[in-house]
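Reviewing the structure listed below.
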């Protein structure tokens, strides 16, 4: 493992690129080196001698992935109470990694506005548990349907027909649910 390993002798002051080279130097030049001095050396480097970098990487990746899954689960289940807590965790992660562009904005809202902000983020087309979708995804789905209908008009498209089609998408969905 590459890094900076300092000789344990204060009078020596040499720095080595590998731990093996440092240990070889200490055994030849300083015969009285003990195990405690070597353990202190690892702690002086911020514990770099004991770090398992692949393990730490995969552990962090797994933790971040679980937080992302939690965001998806919160949307699917419609848990408005849990979402602000997840945003706070995400902001802490951003701040820990130097991403200070994202800031928590706190505002004083009326009780009605606070309730709408917390609970009006998802849409459930079928009324079943666990099948909610975010409102922005629903808007994208509507846009996709409208664009495909506009393409079917081909050369006969004009502003009036495009507006008429755009205004019929949501009522068509409601009508299909009643059938």
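Just so you know, all these numbers are worked out from the coordinates, no wet-lab data involved. Computed from a prediction, not measured in an experiment: that's the story for all the values here.
Please label the shape of region 125-178 as rounded, prolate or oblate, based on the square roots a ≥ b ≥ c of the eigenvalues of the alpha-carbon gyration tensor (a/c under 1.5 means rounded; beyond that, a/b larger than b/c means prolate, else oblate). It comes out prolate by the Cα gyration axes. Each semi-axis of the equivalent ellipsoid for region 54-120 is √(5λ) with λ an eigenvalue of the Cα gyration tensor; in descending order they amount to 27, 17, 6 Å.
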